[in-house]
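Peer 1: Take this structure first; my questions come after.
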Amino acid sequence: MSEEAYHEKYPIAYWDWRAWSQDAGVRSVSLSARGLWFELLGMMRKWRNYGVLCTRAGFPMKLGEIAEAVNAPVYQIKPLLDELEKAGVFSRSKRGAIYCRRMKREAPVLATIGQLTTQAGMSLPPFPPSPPYTSIVTGK
């Protein structure tokens, strides 16, 4: 299963809240910049080049494309991206594409999981199974 197919089939992502709250770069930027970064992370999860902010065709997203994708004007996005970059929250590829270092590290693991489950004829659950439900009222 390709990475793109995996993410279309399993749209729910596991989120490491502890890593998010303890990342010094993320914590050092404004709330607006963190919100933009969160949006960008969601966009980086969708495409074939997992963890890289690029168009569906695989080209690095330009400032105007980013602004359009997050439904905000360029004049708001530019200073927030500068703030995130200055804080070291993201890196840039040789082609200038913004990427998340952690997502790039995790990409091979996701690809392997997809290949192994396809070969075994298995499908992954979109999220971990819930713990057994116990009613607060009846205790059952």
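The values are calculated or read from the model by the stated rules, or taken from the named source; none is laboratory data. In this text, all values refer to a predicted model and were calculated from it rather than measured experimentally. Here Cβ is always computed from backbone atoms with ideal geometry, including for glycine, and neighbour counts include all displayed protein chains. With ligands, DNA and RNA removed, areas are computed over all heavy atoms of the protein, side chains included. Shrake-Rupley method; radii C 1.70, N 1.55, O 1.52, S 1.80 Å.
Peer 1: Using a basic spin-label model with each label point 7 Å from the Cα along Cα→Cβ, how many nm lie between Arg27 and Lys86?
Peer 2: Result for the modelled spin labels: 2.0 nm.
Peer 1: Pick out, in residue order, every one of the trypsin sites (Lys or Arg not before Pro) in the stretch 13-76 that is DSSP loop and has at most 16 other C-beta atoms within 10 Å; say none if there are none.
Peer 2: Here the sparse-neighbourhood loop sites are Arg48, Arg56, Lys62.
Peer 1: Given an 8 Å cut-off on Cα distances and at least 6 residues of separation, report the relative contact order of the stretch 13-67 as a percent.
Peer 2: Across the stretch 13-67, relative contact order equals 15 percent.
Peer 1: State in Å² the accessible area per residue of the stretch 15-105; use a 1.4 Å probe, count heavy atoms of protein chains only, and round to the nearest integer.
Peer 2: On a per-residue basis, the stretch 15-105 sits at 61 Å².
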